[in-house]
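Student: Pasting in a structure now, in C-alpha cells, and then I'll have a few things to ask.
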Amino acid sequence: MKKIGIVTSGGDAPGMNAAIRALVRLSAWNNIETIGFLRGWEGIIKNNFINLDARAVSGILHLGGTILKTTRCLEFKTKEGLEKAAENLRSNNLDGLVVIGGDGSIRGAYELSRLTDVKIVALPASIDNDVYPSDETIGFDTAVNSALTEINKIRDTAISHERTFIVEVMGRKRGFLAVEVGLTAGAEVILVPEVEYDEDAVVEAIRKNARKGKNSSIIVIAEGVGKTTSLAEAIEKNVGVEVRVSVLGYVQRGGSPTARSRYLASIFAAKAIELLLDGKGGATIGIQKGQVTSTSLDESCRNEKPLNLELLRLAEKLAV
Ligand code: ADP
C-alpha cells in the first residue's frame, strides 16, 4: 500500500474532517502517500484532487463539514461516470480509496469497486445513522446533541406559554435521529417514517396529556413523515390548545463534532488503514456493541438497518 485517495461524499456530517485527519496521519505514520479528491465523486470523475500530508490536516479536527467539500453527483450513477472514476483511480496509481459518507455514498463505493482492483473502504458518516450494520455513524451524536440543545430552548417557551410544539428534525427516509432526539428531549410523541402515521392517535395523546394536567407537549417529527402543518391544525382544532411548529433544519448538520463523533472518526480510520495495509478492501467499517467491525460493501448495501421500535415505546412510557 503506497498511495491512497480520500473522498467525502453525500450529505456533510460533523466529524468528516476528523476522519480525513486521522486517515492522513495514520497513512503518514505508515509511509503511505495520500491525496484528497474534491467535491465528492465528482472530484474523482474530473480528476480534481489535492495532495494531503500530515501538516495539511492541521487545525481541522474541531471543524464541522468537510475540507474536501462534498456533492451529490448524478454522473456517478451512470456507467460512463463510474468508468471515468475507475480510470482516474488507475491514472493516479492509487492502491486504495477511502470513502467517507452515508448509505448512498457507500452504494456508490460498491458500484465503483466492481470496476476496479483498487481497494475501496467506506467510513459511515451521516447524521441519519442509517448505514447497515453499524450501530452508529460519524456525525450522528453531534446532530442529536445539536437538535437537543435547540429543543431545550423550545421547551422553555412551551412550558411558559402552555403550548404544544411540533419540532421537525431531519430524516427524509429514516427516523434514527427523531427517535434519539425525541427520547432524550423527553418528547411526548415521536413520529418516524418507519411507523404508519395516525393523526387521530397523536391528537388523542395530546388530549390525554391535557386531561392529566400536562399543559405543554413536545412532538418530535422526522421530516419524512411530512404531515407537520396538517397535524398542527388538527391538534388546535380538536384539543383546543395552542400549537407552534419549529423546523430545525440545517442547524442539525453543522457544528463542531462531539467527542463521540471524533472518537468514531479516529477508530474507523484506524480500522480502514489496517485493512488497506493487509491488502484488503471492499469493506464498510462500523461499530457494533462497542467493537469496530468490517462488513463487505455488498452486504452493507443490500441490507437496511432496522430502527429499534422499543425506543419509541420507552419514550412513550417516560412521557406518562
Ligand atoms: P449519502 O451518502 O449522504 O447517503 P446520497 O444518498 O445523496 O448521500 O449519495 C451520495 C452520492 O452517492 C450520490 O450523489 C451518488 O453520486 C452516489 N450514489 C448513490 N447511489 C448510487 C448508486 N446506486 N450507484 C452509484 N452511485 C451512487
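The values are calculated or read from the model by the stated rules, or taken from the named source; none is laboratory data. Keep in mind that this is a model prediction, so the values were computed, not measured. Backbone-built Cβ (ideal geometry, glycine too); neighbour counts: all protein chains shown. Side chains are part of the model used for accessible areas, which takes the heavy atoms of the whole protein and leaves out ligands, DNA and RNA. Shrake-Rupley method; radii C 1.70, N 1.55, O 1.52, S 1.80 Å.
Student: Please state which of the following conditions Ser261 fails to meet, knowing it meets all the rest: (1) touching a Phe, Trp or Tyr at 6+ places or on another chain (Cβ under 8 Å); (2) within 30 Å of Ser160 (Cβ to Cβ); (3) open to solvent by less than 20 Å² (accessible area, probe 1.4 Å).
Tutor: With respect to (1) touching a Phe, Trp or Tyr at 6+ places or on another chain (Cβ under 8 Å); (2) within 30 Å of Ser160 (Cβ to Cβ); (3) open to solvent by less than 20 Å² (accessible area, probe 1.4 Å), Ser261 is out only on (2).
Student: Leu275: more than 26 Å from Thr149 (Cβ to Cβ) and at pLDDT 95 or above, yes or no?
Tutor: So Leu275 fits the description; yes.
Student: Right, here's the next one. Sort out which residues of the stretch 6-52 are more than 16 Å from the ligand (Cβ to nearest atom) and touching a strand residue (DSSP E or B) at 6+ places or on another chain (Cβ under 7 Å), and write them in order of number.
Tutor: Answer for the stretch 6-52, where residues must be more than 16 Å from the ligand (Cβ to nearest atom) and touching a strand residue (DSSP E or B) at 6+ places or on another chain (Cβ under 7 Å): Leu23, Val24, Ser27, Ile32, Glu33, Thr34, Ile35, Gly36, Phe49, Ile50, Asn51, Leu52.
Student: For the stretch 18-32, name all the residues that are open to solvent by less than 20 Å² (accessible area, probe 1.4 Å) and either in a loop (DSSP other than H, G, I, E, B) or modelled with pLDDT under 95 (or both).
Tutor: Here is the first cut: in the stretch 18-32, the residues open to solvent by less than 20 Å² (accessible area, probe 1.4 Å) are 18-20, 22-24, 27, 32.
Listed by number, the list holds a single entry, Ile32.
Student: Mind checking which residues of the stretch 147-171 are part of a helix (DSSP H, G or I) and open to solvent by 30 Å² or more (accessible area, probe 1.4 Å)?
Tutor: Step one: of the stretch 147-171, the residues part of a helix (DSSP H, G or I) are 147-161.
Within the stretch 147-171, Leu148, Thr149, Glu150, Asn152, Lys153, Arg155, Asp156, Thr157, Ile159, Ser160, His161 meet the criteria.
Student: Could you tell me which residue of the stretch 222-252 is surrounded by the fewest Cβ atoms within 10 Å (Cβ to Cβ), considering only residues that are in contact with an Asp or Glu (Cβ under 6 Å, 6 or more places away or on another chain) and closer than 30 Å to Ala19 by Cα?
Tutor: Ranking the qualifying residues of the stretch 222-252, first place goes to Val247.
Student: Still on this structure: Does Phe76 meet the test of being farther than 18 Å from Leu115 by Cα and either touching a Gly at 6+ places or on another chain (Cβ under 9 Å) or aliphatic (A, V, I, L, M) (or both)?
Tutor: Numbers: farther than 18 Å from Leu115 by Cα: no; either touching a Gly at 6+ places or on another chain (Cβ under 9 Å) or aliphatic (A, V, I, L, M) (or both): yes.
Spelling it out, it is not the case that Phe76 is farther than 18 Å from Leu115 by Cα and either touching a Gly at 6+ places or on another chain (Cβ under 9 Å) or aliphatic (A, V, I, L, M) (or both).
Student: Something else now. Residues of the stretch 129-167 being free of Cβ contacts under 8 Å to residues at least 12 places away in the same chain and farther than 15 Å from Ile219 by Cα, which ones?
Tutor: Thr149, Ser160
Student: Which residues, taken from the stretch 106-130, are hydroxyl-bearing (Ser, Thr, Tyr), more than 8 Å from the ligand (Cβ to nearest atom) and either part of a loop (DSSP other than H, G, I, E, B) or open to solvent by less than 10 Å² (accessible area, probe 1.4 Å) (or both)?
Tutor: Listed by number, the list holds a single entry, Thr116.
Student: Related question: If I filter the stretch 61-76 for residues that are touching a residue at least 12 places away in the same chain (Cβ under 8 Å) and not in a loop (DSSP other than H, G, I, E, B), do I get at least one hit? Spell out the reasoning first.
Tutor: Our first condition is that a residue be touching a residue at least 12 places away in the same chain (Cβ under 8 Å); within the stretch 61-76, this holds for 61-73, 75-76.
Now narrow it down to the ones that are not in a loop (DSSP other than H, G, I, E, B): 75-76.
So far as the stretch 61-76 goes, yes, one or more of its residues are touching a residue at least 12 places away in the same chain (Cβ under 8 Å) and not in a loop (DSSP other than H, G, I, E, B).
Student: Confirm whether Ile100 is open to solvent by less than 30 Å² (accessible area, probe 1.4 Å), touching a strand residue (DSSP E or B) at 6+ places or on another chain (Cβ under 7 Å) and away from the ligand (no atom under 12 Å from the Cβ).
Tutor: no
Student: Only residues that are more than 25 Å from the chain's Cα centre (by Cα), open to solvent by 30 Å² or more (accessible area, probe 1.4 Å) and closer than 19 Å to Tyr110 by Cβ: list them for the stretch 33-89, please.
Tutor: Answer for the stretch 33-89, where residues must be more than 25 Å from the chain's Cα centre (by Cα), open to solvent by 30 Å² or more (accessible area, probe 1.4 Å) and closer than 19 Å to Tyr110 by Cβ: Lys79, Glu80, Glu83, Lys84, Glu87.
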